[in-house]
Amino acid sequence: MSDLNEHNSGWGPLSSLPGNPIMWVLIWSELLVFGAALSGFAVARMLDVQTFDASQAHLDRFFGALNTMVLLTSGLCAALAVRVRSDGNSSASRWWMVYAILIGSVFLYVKIIEYGDKLDAGFDIETNTFFTLYYLITGFHFFHVIMGLIILAIVAWKNSLENLETGAAFWHMVDLIWVLVYPVIYLVR
Amino acid sequence: MQAKLPSTRRLIFVWAVLIAATIGLMGAGRVNADIDLGSTWVTVLLVLAGAKSSLILWFYLNLRQSSSGWQKGFIAFLCVILSFILGAYYLTPAI
């Protein structure tokens, strides 16, 4: 995140952050929203631990871990796209972003399978508090993944360094949130 | 401020550490067993999640190039959220 910083001097304290300051405002706001949601989830579990643990047993923990690795790998590709673009290699940068999109799409595929399995088994958003929060939190994240893939596609097309840095930052934020969501919802018991 | 991007080698190394930490998380979280983890393993899980988040912030989002105030702010935020979740776990009555 290099060129942008020369233009960020009017952003006050935000100007010391690498990349586009607006993206950091978004990152902070998303962390606050998901932080509050996960805290709420933890408190709800505390109030009804039997329901939460029994419901959590129906989640596929392996799928969750697989999706973590998928997002981390896609995030690496996005980071490499920015890296090679800063070295002046526009074509390689575009290809790395395409890889990031393709690998990131696997997350959606796995999640759709997972949602399908749960719905087929009769667990929907109204089943109980656990599944309400599960669908709301992971569904909101799912929406961010879709938005992230669209943004990555746009910046792969219009691949200035500024665009790539901003798009990759959004994608890393999506990655970061899942790294927090996965253990709290799928594993803690 | 002229921010310096992490090298390709470093990005790949960080990715390898993140994948290894995810495998560690799977082990600590006993993904294939329906057993109560207990407080020690839940603490390990959340510490690993915090470490992974910090690596993403530090290298992928390149927070290492920002001021120490922002760095401390993000790390403190992660600590508060994960401590709250861990605190809720410790306060959960045993079944």
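Mind checking which pairs have a first residue in the stretch A:74-97 that is under 10 Å from A:Ala168 (Cβ atoms) and a second that is among the polar types (S, T, N, Q) and open to solvent by 40 Å² or more (accessible area, probe 1.4 Å), Cβ under 6 Å, 6 or more apart or different chains?
A:Arg83/B:Thr8
Quick one: which residue in B:Thr22, B:Thr8, B:Thr92, B:Thr43 is touching a residue at least 40 places away in the same chain (Cβ under 8 Å), among the polar types (S, T, N, Q) and more than 17 Å from A:Trp28 (Cβ to Cβ)?
B:Thr43 is the lone residue from the list that is touching a residue at least 40 places away in the same chain (Cβ under 8 Å), among the polar types (S, T, N, Q) and more than 17 Å from A:Trp28 (Cβ to Cβ).
Kindly evaluate A:Ala92 against the criterion of being aliphatic (A, V, I, L, M) and open to solvent by less than 10 Å² (accessible area, probe 1.4 Å).
Answer is no for this residue.
For the stretch A:11-21, indicate whether the set of residues that are buried (at least 20 other Cβ atoms within 10 Å of the Cβ), at the interface with another protein chain (Cβ under 9 Å from one of its Cβ atoms) and within 26 Å of B:Ala16 (Cβ to Cβ) is non-empty.
Yes; the residues of the stretch A:11-21 include at least one that is buried (at least 20 other Cβ atoms within 10 Å of the Cβ), at the interface with another protein chain (Cβ under 9 Å from one of its Cβ atoms) and within 26 Å of B:Ala16 (Cβ to Cβ).
Please tell me if A:Glu114 is part of a helix (DSSP H, G or I) and modelled with pLDDT under 95.
Taking the combined requirement at face value, the residue does not satisfy it.
Just to be sure I understand, how many residues within the stretch B:1-44 are exposed (fewer than 15 other Cβ atoms within 10 Å of the Cβ), charged (D, E, K, R) and not in a helix (DSSP H, G or I)?
Qualifying residue count for the region: 3.
List pairs: first residue in the stretch A:167-189 and within 7 Å of chain B (Cβ to nearest Cβ), second residue open to solvent by 10 Å² or more (accessible area, probe 1.4 Å) and polar (S, T, N, Q) anywhere in the structure, Cβ distance under 8 angstrom, at least six positions apart or on different chains.
A:Ala169/A:Asn20
Where residues in the stretch B:56-95 are more than 9 Å from chain A (Cβ to nearest Cβ) and open to solvent by 40 Å² or more (accessible area, probe 1.4 Å), which of them is nearest to A:Val82 (Cα to Cα)?
So, considering only residues that are more than 9 Å from chain A (Cβ to nearest Cβ) and open to solvent by 40 Å² or more (accessible area, probe 1.4 Å), the one nearest to A:Val82 (Cα to Cα) is B:Trp58.
Only one residue in B:Leu57, B:Leu48 is in a helix (DSSP H, G or I), touching a His at 6+ places or on another chain (Cβ under 9 Å) and on the phi < 0 side of the Ramachandran plot. Which one?
It is B:Leu57.
The values are calculated or read from the model by the stated rules, or taken from the named source; none is laboratory data. A quick note: this is a predicted structure, and the numbers were derived from the prediction, not measured. Don't worry about glycine lacking a Cβ; one is built from the backbone with ideal geometry, like all the others, and counts go over all protein chains shown. Just so you know, the surface numbers come from the protein's heavy atoms only, side chains and all, with ligands and any DNA or RNA stripped out. Shrake-Rupley method; radii C 1.70, N 1.55, O 1.52, S 1.80 Å.
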